Structures are given as structure tokens and as C-alpha cells.
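Before any comments, here is the structure.
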Amino acid sequence: MRKKIVAGNWKMNLDLEEGKELVRSLIQEDLSAEVECILIPSFVHLSEVSKLTEQTTLKLGSQNNHAVNGGAYTGEVSAKMLQSVGVSYGLVGHSERRIYQKEDAETLSAKVQQLLKNGINPIFCCGESLSERKNSQHFETVEKQLQLLWELEPKEFEQVIIAYEPVWAIGTGETATAEQAQEMHAFIRAQLQKNFGTLAAQCSILYGGSCKPGNAAELFAQEDVDGGLIGGASLKAKDFAAIVNAF
Ligand code: PGA
């Protein structure tokens with residue numbers, strides 16, 4: 001049985017008080033015990049969110065980490081630091097970082113390694129741009145993005161979660177149809193199977209991109225969609241809870 005997961009990526013939103021209020025509201029919600037719920041606030045909110053969620057089933061995630069474990073890198077945050085404040089999941093390769101920070105495969109691979117070394121589960125993001133989709137290059141793009149995972153040991157791969165996020169669906173209000181999501185998720189699982197055999201069946205593959213209460217149930221009903229990576233809709237407790245309970 002694969003883990004069902006819903007992760008809320010707060011991105012660069014909410015000040016500390018707003019973030020704490022969101023967590024308090026979420027704790028009041030009746031969240032399905034079958035779903036692993038992960039909150040991914042900004043670095044500066046991690047410690048406070050960690051304290052608030054300590055006695056709950058809510059898990060903590062990071063939006064980014066540096067490619068090395070420590071040293072003279074002003075302004076950066078290492079996986080070791082993240083682990084020390086209670087982070088158990090880490091986003092790697094979100095399209096916003098690939099685009100704005102020009103993160104390449106080599107950097108992303110080092111970041112995945114750092115997370116694994118520090119006992120944090122990487123949530124590895126992949127997904128094609130609108131032009132790649134229009135030119136029917138979406139499978140090729142995702143296949144290329146996944147390649148850096150093939151160097152992992154099976155034991156390491158077991159810790160990895162995949163998030164498929166078509167760039168054209170992120171923050172645009174335009175969601176991939178359930179069929180488009182399932183088609184890509186099945187493709188991703190086939191790639192995982194080629195490289196890691198039966199372990200592929202245990203890997204959770206999340207969908208991200210304008211996932212909201214109104215479309216989550218249909219997306220999550222697809223055979224290879226094991227949950228969601230939620231941006232905008234994760235900033236409202238009621239919406240996030242409705243998505244969690246959409247399975
Ligand atoms: P969105 O963002 O739900 O606002 O489209 C998803 C994401 O980027 O993780």
C-alpha cells in the first residue's frame with residue numbers, strides 16, 4: 001500500500017502570525033488519519049510551526065536546502081539544520097526554483113543526497129512547460145528530469161516521493177485533467193519500475209498544479225495519483241482540509 005500524502009507548499013506567503021494562525025486552524029480540522037499531511041512553510045517559520053505541530057500528526061517539510069552540509073555559504077540553509085528543527089520532508093526541484101534560481105540536475109542531485117544523508121525524505125518535483133506540452137515533449141522532459149534519481153541506491157530511492165507538477169498548471173487556475181495526470185503518473189511509475197523494479201509500486205506520486213477542493217477527489221481517484229502538492233489552496237485551512245479529506 002502506498003502512502004497517501006497531501007503537502008501544503010506555502011511558498012513565500014504568510015508572515016509568522018498568519019502562519020501560526022493557519023496551523024492552529026488546521027489542528028482544529030478533522031483531517032483523515034489515512035493521509036500524511038505535510039506543511040511546508042518558509043525557513044523562518046519552521047521552528048514555530050514545528051513547536052505547534054509537535055503533539056499532532058502533521059509533518060514538517062522544507063522548500064529548499066543547500067547542496068552541501070555546512071560552511072561558508074552566507075544566506076544558505078543546510079539539510080542538517082532542517083533536520084534539527086524537525087523537518088522530515090524536503091522539496092527538491094520545484095519549477096519555481098528551476099526557473100528563477102536556475103537549479104540544474106547536478107545541483108538537484110546534490111540536494112537530494114544532502115536530504116537523504118540527514119534522514120529527510122526528498123519530494124522530487126518534475127513537470128513540463130506549456131510549450132513542451134504543446135509540442136508533445138512532455139514525456140521526454142519528465143523522463144530527463146527523473147534521470148538524476150537513477151543513480152540512487154534502492155535503499156535511498158525508497159525514501160523518495162515524486163511530485164508531478166506541469167508548469168502550465170501551477171498558480172494558473174488551470175488544472176491538468178484527471179486523465180492527463182493519470183497518463184503522466186503511469187508514465188513516471190513505468191520509468192521508476194525500469195530502474196527500481198518492484199519498489200516503484202511503493203513510491204507515492206503526487207499531483208500539483210491548481211489542485212483545489214473542487215478537483216482533488218477526481219484527481220486522487222486515479223490509480224497512480226497518490227496525493228497532492230498544494231500551493232494556493234494550502235493557505236486556507238478549510239480548503240487544505242477539504243483536499244486532505246478528498247480521498
Ligand atoms: P498551486 O501550486 O497549487 O498554487 O498551483 C502548486 C505548487 O507549486 O506546488
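The values are calculated or read from the model by the stated rules, or taken from the named source; none is laboratory data. Given the structure is predicted, the values throughout are model-derived calculations rather than measurements. With ideal geometry, Cβ positions are generated from the backbone for all residues, glycine too; neighbour counts draw on all protein chains shown. When the accessible area is computed, the model is the full protein with side chains, heavy atoms only, and any ligands, DNA or RNA have been set aside. Shrake-Rupley method; radii C 1.70, N 1.55, O 1.52, S 1.80 Å.
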The answer for the chain, accessible area per residue at 1.4 Å probe in Å², is 46 Å²
11 Å beta-carbon shell around ILE230, net charge (K/R +1, D/E -1) = +1
Where a ≥ b ≥ c are the square roots of the eigenvalues of the C-alpha gyration tensor, would you call the chain rounded, which needs a/c under 1.5, or, failing that, prolate if a/b is larger than b/c, or oblate?
-> rounded
Sulfur and carbon atoms: percent of accessible area, the chain [1.4 Å] = 49 percent
State the dimensionless ratio Rg/Rh of the range 56-146 (Rg: radius of gyration of Cα atoms; Rh: Kirkwood radius).
-> 1.04
Amide N of the range 189-228 lying under 14 Å from the label point, which is placed 7 angstrom from the Cα of LYS238 along Cα→Cβ | 213-214
